[in-house]
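**Student:** My questions will all concern the structure given below.
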Amino acid sequence: MAYVLSLDQGTTSSRALVFDEAGAVRGLEQFEFTQHFPRPGWVEHDPAEIWDTQLRAARGALDKAGIAASDLAAVGITNQRETAVVWDRATGEPIHPAIVWQSRQTAPICDELRARGLEDEVRSRTGLVIDAYFSATKIRFILDAVSGAQQRAERGELCFGTVDSWLLWKLTGGRVHATEYSNASRTLVYNIHERDWDDVLLSELRIPREMLPEVCDSSGIFGEADPACLGAPVPLAGAAGDQQAALFGQGCHAPGTAKNTYGTGCFLLMNTGAEAPTSKTGLVTTLAWGIDGQVEYALEGSIFVAGAAVQWLRDGLGLVADAAESESAARAVDDTGGVYLVPAFVGLGAPYWDERARGALVGLTRGTGREHLIRAALESIAYQTRDVVECLERDSGLALGTLRVDGGACRNDFLMQFQADLLGVPVRRPPLLEVTAFGAAALAGLATGVWSDRSAVESTTEGGTVFEPRMEVARRDELYAGWKRAVERSLAWEE
Ligand code: ADP
């Protein structure tokens, strides 16, 4: 039996899973780590704590699986995307806390880039929009915040990396400074068409090329783990950002295939193959992965509030004791009685991109009860997903066949059935929900012969539950038209 260790470095915890060649989980360990909020809207992590929790999780997962590092064929890495780390090349010491993807501390740098009229340049070169979410303005922030850092970076004394790079550096004892296509494409300074760091954007942000990692295939040998880490020199053979790893782990390897992860928010990615369509609807274009020197692209739409709407029912309104209870409550009524919840609690993301939108609850009558509100909250997740799917189809020119799903809220059968009904396509939930970690393991296992080709990877993700659309088209269109009217009421609310 061959085993692959997957390191799943997330925003709130570091996890490690051992997969066997049938795709089954043999061992799992997980440690939470500290979230630092130095000012409102700022989020930082301690890179040393990321490394420490990740290493302990890796060792723990091996213990739980009852195997040694020498039994591993490969290690794969998947990570919270966009988070930026800068460290000293000689000592390996970070010079500043990691600035996390969620952090808004670089919004003023983004304003400046917009004022310089760089929006179209950024979109055409990187596929992204100017937003504090992406890495490059975080690098600029760190080089400004630490005295002398700009000069040190120019002399080649500093390294930048997203979290995959940081882990590769630590795992190889500082011998490898590398990343791969999916993570590079989230930095805002990587040209996704030319496949190189973009000199125009680097110079706009005064980021020296000397500090950037080498960009490698997502599936391929990056180096060997230092035996001091895991006890044996295992090949580090795959890496991808979390959403791209989930796309790969879901078996979305053909153009037009797509997955939606239903967590706090939703991340919907569609594989567009060798094409990199420029979005006209507010999606971003991103690199999905690179394998054998060939890259594939994806379109991505982000929904800010999805499962978080259910958390609000629980914590804000006290309407449910736990998230799972939302399912039976929603089923207790035939429909919402015309009620719509638009959960624009932090504005709306794709495709509206309205920072001033705020939540709206419309269509209330004397007959509206608790179950109607709960059902409306769940349905809002499916409506927002349909909004993004329509954009994906328009931008890519591809029709969605089946939507593959994962993330905490995909356990809700009511929601998945309603999603299938509303999209008019089947929704497929895989048997194993650890698709993100599996995606990284699959990239590493492909590079080391654990799986011979992608079809062997896909066969491990077969089965699961398929929700077939059952709703009549007229009913679906009527419900969706109501949603669009409700969204109108929420837009540009904050003055
Ligand atoms: P994240 O990775 O963003 O923290 P998870 O994938 O762990 O999120 O999913 C957690 C989210 O899913 C929470 O917002 C929770 O409200 C929601 N959730 C979990 N179970 C259910 C359920 N059965 N029905 C609806 N929502 C759920």
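**Student:** Which residues, taken from the stretch 412-439, are within 14 Å of the ligand (Cβ to nearest atom) and of a type in the set (D, E)?
**Tutor:** D413, E434
**Student:** Counting just the residues of the stretch 285-304 that are within 14 Å of the chain's Cα centre (by Cα) and β-branched (V, I, T), which one comes out farthest from the ligand (Cβ to nearest atom)?
**Tutor:** Here the answer is T285.
**Student:** Still on this structure: Looking only at residues in the stretch 387-411 that are surrounded by fewer than 21 Cβ atoms within 10 Å (Cβ to Cβ) and within 15 Å of the ligand (Cβ to nearest atom), which one is farthest from P431 (Cα to Cα)?
**Tutor:** Among residues in the stretch 387-411 that are surrounded by fewer than 21 Cβ atoms within 10 Å (Cβ to Cβ) and within 15 Å of the ligand (Cβ to nearest atom), the one farthest from P431 (Cα to Cα) is G408.
**Student:** Right, something else. Consider A377 carefully, then state whether it is within 21 Å of Y133 (Cβ to Cβ), surrounded by 18 or more Cβ atoms within 10 Å (Cβ to Cβ) and of a type outside the set (F, W, Y).
**Tutor:** In short, no.
**Student:** On to the next question. Give me a count of the residues in the stretch 21-44 that are in a strand (DSSP E or B) and either at pLDDT 95 or above or open to solvent by 40 Å² or more (accessible area, probe 1.4 Å) (or both).
**Tutor:** So the count comes out to 9.
**Student:** For the condition assigned by TED's automatic domain parsing to the domain that holds K259 and at pLDDT below 95, what is the one hit in L422, L373, L378, L400?
**Tutor:** That would be L400, the only listed residue that is assigned by TED's automatic domain parsing to the domain that holds K259 and at pLDDT below 95.
**Student:** Looking for whichever is surrounded by fewer than 20 Cβ atoms within 10 Å (Cβ to Cβ), touching a helix residue (DSSP H, G or I) at 6+ places or on another chain (Cβ under 7 Å) and of a type in the set (A, V, I, L, M, F, W, C) here; the options are L118, L62, L143. Which one fits?
**Tutor:** Checking each option against the conditions leaves just L118.
**Student:** I would also like to ask the following. Take I67 and tell me if it is among the aliphatic types (A, V, I, L, M) and surrounded by 19 or more Cβ atoms within 10 Å (Cβ to Cβ).
**Tutor:** no
Residue-by-condition table, conditions (1) surrounded by fewer than 15 Cβ atoms within 10 Å (Cβ to Cβ); (2) over 24 Å from A350 (Cβ atoms):
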| residue | (1), (2) |
| --- | --- |
| A90 | yes, yes |
| W101 | no, no |
| Q105 | no, no |
| C110 | no, no |
| R114 | yes, no |
| R125 | no, no |
| E157 | no, yes |
| T172 | no, yes |
| L188 | no, no |
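**Student:** Something else now. Limited to the stretch 221-234, what total is found for residues that are over 17 Å from W166 (Cα atoms), open to solvent by 20 Å² or more (accessible area, probe 1.4 Å) and in contact with a helix residue (DSSP H, G or I) (Cβ under 7 Å, 6 or more places away or on another chain)?
**Tutor:** 2
**Student:** Would the stretch 459-477 turn up any residue that is open to solvent by less than 10 Å² (accessible area, probe 1.4 Å), at pLDDT below 95 and either more than 16 Å from the ligand (Cβ to nearest atom) or of a type outside the set (D, E, K, R) (or both)?
**Tutor:** No: the stretch 459-477 contains no residue that is open to solvent by less than 10 Å² (accessible area, probe 1.4 Å), at pLDDT below 95 and either more than 16 Å from the ligand (Cβ to nearest atom) or of a type outside the set (D, E, K, R) (or both).
**Student:** Further, regarding this structure: Going residue by residue through the stretch 440-447, is there one that turns out to be modelled with pLDDT of 95 or more and within 16 Å of the ligand (Cβ to nearest atom)?
**Tutor:** Yes: one or more hits.
**Student:** Just need a number here: residues in the stretch 310-328 that are under 30 Å from T281 (Cα atoms), within 8 Å of the ligand (Cβ to nearest atom) and in contact (Cβ under 8 Å) with a residue 60 or more places away in the chain.
**Tutor:** 1
**Student:** Working only within the stretch 4-30, note down all residues that are within 16 Å of the ligand (Cβ to nearest atom), in contact with a Lys or Arg (Cβ under 6 Å, 6 or more places away or on another chain) and either under 18 Å from T461 (Cα atoms) or free of Cβ contacts under 8 Å to residues at least 60 places away in the same chain (or both).
**Tutor:** Q30 - this is the single residue of the stretch 4-30 that is within 16 Å of the ligand (Cβ to nearest atom), in contact with a Lys or Arg (Cβ under 6 Å, 6 or more places away or on another chain) and either under 18 Å from T461 (Cα atoms) or free of Cβ contacts under 8 Å to residues at least 60 places away in the same chain (or both).
**Student:** While we're here: Does the stretch 319-335 include one or more residues that are more than 25 Å from the chain's Cα centre (by Cα) and at positive phi?
**Tutor:** Within the stretch 319-335, not a single residue is more than 25 Å from the chain's Cα centre (by Cα) and at positive phi.
**Student:** Taking the stretch 301-322, which residues are in contact with a Gly (Cβ under 7 Å, 6 or more places away or on another chain) and in a loop (DSSP other than H, G, I, E, B)?
**Tutor:** F304, V305, A306 - these are the residues of the stretch 301-322 that are in contact with a Gly (Cβ under 7 Å, 6 or more places away or on another chain) and in a loop (DSSP other than H, G, I, E, B).
**Student:** Out of (1) at pLDDT below 95; (2) open to solvent by less than 40 Å² (accessible area, probe 1.4 Å), what's the single condition that is false for V129?
**Tutor:** All conditions pass for V129, except number (2).
**Student:** How about the stretch 349-362: which of its residues are within 15 Å of A306 (Cα to Cα) and either out of contact with any Lys or Arg (no Cβ under 9 Å at 6 or more places or on another chain) or at pLDDT below 80 (or both)?
**Tutor:** Once the filter is applied, which keeps residues that are within 15 Å of A306 (Cα to Cα) and either out of contact with any Lys or Arg (no Cβ under 9 Å at 6 or more places or on another chain) or at pLDDT below 80 (or both), the stretch 349-362 yields G349, A350, P351, R358, G359.
**Student:** So how many residues does the stretch 323-344 have that are open to solvent by 20 Å² or more (accessible area, probe 1.4 Å) and either polar (S, T, N, Q) or out of contact with any Lys or Arg (no Cβ under 7 Å at 6 or more places or on another chain) (or both)?
**Tutor:** Number of matching residues: 11.
**Student:** Could we say that N260 is within 16 Å of the ligand (Cβ to nearest atom) and polar (S, T, N, Q) here?
**Tutor:** Against the criterion (within 16 Å of the ligand (Cβ to nearest atom) and polar (S, T, N, Q)), N260 qualifies.
**Student:** Check whether at least one residue in the stretch 269-284 is within 16 Å of the ligand (Cβ to nearest atom) and either in contact (Cβ under 8 Å) with a residue 24 or more places away in the chain or under 17 Å from the mean Cα position of the chain (by Cα) (or both), and report yes or no.
**Tutor:** So far as the stretch 269-284 goes, yes, one or more of its residues are within 16 Å of the ligand (Cβ to nearest atom) and either in contact (Cβ under 8 Å) with a residue 24 or more places away in the chain or under 17 Å from the mean Cα position of the chain (by Cα) (or both).
The values are calculated or read from the model by the stated rules, or taken from the named source; none is laboratory data. This structure is a prediction, so every number in the text was calculated from the model and none was measured. Ideal geometry is used to build each Cβ from the backbone, glycine not excepted, and the neighbour counts take in all protein chains shown. Just so you know, the surface numbers come from the protein's heavy atoms only, side chains and all, with ligands and any DNA or RNA stripped out. Shrake-Rupley method; radii C 1.70, N 1.55, O 1.52, S 1.80 Å.
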